[in-house]
Amino acid sequence: MRILFNFFIFYLITNAVLFADTKKDNVSTDVSSAVVFMYHRFGDNRYPSTNVTLEQFEKHLQYIEDNGFRVWPLSKIVRYILEKKQLPNKTVALTIDDAYITTYTNAYPLLKARKFPFTVFVNTHAIDVESENYMSWEQMREMALNGAEFANHSLTHAYMLPKKNEAKESWKKRFKSEVIDAQKRLHVELGSSTNKNPKLFSYPFGEYNQEMKEVLKELNYIGVAQMSGAVDFHSDLEALPRFAMAEVFAHMRGFALKINTLPLPVESVIPTESLITLENPPILKLKLKRPMKNLTCFIGSGEKIDMRWISKTELEIQAKTPLKERRGRYTCTAPAKDGRWFWYSHMWIIE
């Protein structure tokens, strides 16, 4: 239910953005950026909060094809960011978390037919125990020959934040083992070059804190998260944003809006920590690289957030009431001159 709620509220945010005032647009210069989408299940209506219908997915792929988008593996986009190489306009990555069986039976044939590359994040224990709900290693080896790349989604897909009364060193050892052991299994089954240049890790449930980001950096991983927004040279490499797709908001109007988004020009964010331990609702401080017209921020329900401008480029954002769901977001958007949108989202987790 919590996951369904989080997906539903982003549907509301999308509609709020679509009907915002666009009379005073911001100039959108040639921004070197890309958009990353996240999927889970395909054509499995038992799980609407993590599923897209096959009709929706086919329309997404057709839109990409018809509108001249370049589909790249996520690893290639990240390499360009690391090397400060210009990303071509209209670059998009299609990522899939969990390696459910419908990735192979339903999504893979459609992607293969269009020769679109894609990135699958694998929690390896589910594959090793041969769960009927997940793909097999053999199926993954076949997919690797036809555009698929595979990356790290932990060993067991457990909640990775420290447990109550868990000692810091014990937690750190547990988290490292989840990452390292999953990588070993990927190498054994799919080859030693798998998930290597660069090493990618998708946080289970999209949950992370500052300490987890530091561990990933220590292990030389790029962290991939679940809050929305485009990626560019200035993105947090331990928490790259992705637009999540699920039935309730995978409609074409929302998809077309998101695939054309630009990264909001954020210079700094306070706090970098996503975990709420004391003050709720939390205060988010943003410093922009330049003034932005018609900037509006929302909480997950689509309700506008109070903003206090400190200067032309600095503002404080705070919801009117405490956040109640375990995972929440502040999302800020501003119109661009060409009908596109600048977009930034910040993850909050209630401990």
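Please treat every number below as a calculation from the coordinates, not as lab data. Computed from a predicted model, the values in this text were never measured in an experiment. Reconstructed Cβ throughout: ideal geometry from the backbone, glycine too, with neighbour counts over all protein chains shown.
Go ahead and set up a Gaussian network model of the chain, Cα springs under 10 Å, then flag whichever of L286, L145, L315 fluctuates most.
Evaluated over the chain, the most mobile residue of the options is L145.
Report the dimensions of region 63-164 along its three principal axes from the alpha-carbon atoms, largest first, rounded to Å.
Extents along the principal axes, in whole Å: 42, 36, 22.
Over the Cα atoms of region 31-260, Rg to Rh with Kirkwood Rh, two decimal places?
My calculation puts Rg/Rh at 0.95.
Place a point 7 Å from the Cα of K324 along the Cα-to-Cβ direction; which residues of region 267-298 have their backbone N under 18 Å from it?
Residues 280-282 qualify, since their backbone N sits under 18 Å from the label point.
Could you tell me whether region 284-351 comes out rounded, prolate or oblate from its Cα gyration tensor? Rule is a ≥ b ≥ c as square roots of the eigenvalues, rounded for a/c under 1.5, then prolate if a/b exceeds b/c, otherwise oblate.
Note, shape of region 284-351 comes out prolate.
Taking the Cα centre as origin and putting +1 on Lys and Arg beta-carbons and -1 on Asp and Glu beta-carbons, what dipole magnitude results for the chain, to the nearest 20 debye?
Dipole about the Cα centre, nearest 20: 860 debye.
Between R253 and N220, what is the FRET efficiency for a Förster distance of 41 Å, r being their Cβ-Cβ separation, to the nearest 0.05?
Efficiency, from the Cβ-Cβ distance: 0.55.
Can you report the principal axis dimensions of region 156-212 using only the alpha carbons, biggest first, rounded to whole angstrom?
38, 19, 16
Using alpha-carbon positions, what is the distance between the centroids of region 122-182 and region 218-257, in Å?
After rounding, the separation between the Cα centres reads 20 Å.
Going by C-beta contacts inside 10 Å, put V122, V231, V179 in order with the fewest on the left.
By the 10 Å Cβ count, ascending, the order reads V179, V231, V122.
Using only the alpha-carbon atoms, what does region 135-231 span along each of its principal axes? Please give whole angstrom values in decreasing order.
44, 32, 23
Name the GluC sites (Glu not before Pro) in region 39-142 that are in a loop by DSSP and that have at most 10 other C-beta atoms within 10 Å, would you?
In loop regions of region 39-142 (DSSP not H, G, I, E or B), the sparsely surrounded GluC sites (Glu not before Pro) are E83, E130, E132.
Taking only Cα atoms and a 10 Å spring cutoff, compute GNM fluctuations for the chain and point out the largest among E218, E325, E267.
With Cα springs under 10 Å in the chain, the top fluctuation among E218, E325, E267 is at E218.
What length, rounded to one decimal in nm, is gained on full extension from E211 through to E55, with 0.36 nm per residue of separation minus their alpha-carbon distance?
52.1 nm
Can you list the lysines whose alpha carbon is less than 24 Å from that of K163, not counting same-chain residues fewer than 8 positions off?
Within reach: K172, K173, K176, K213, K217, K324.
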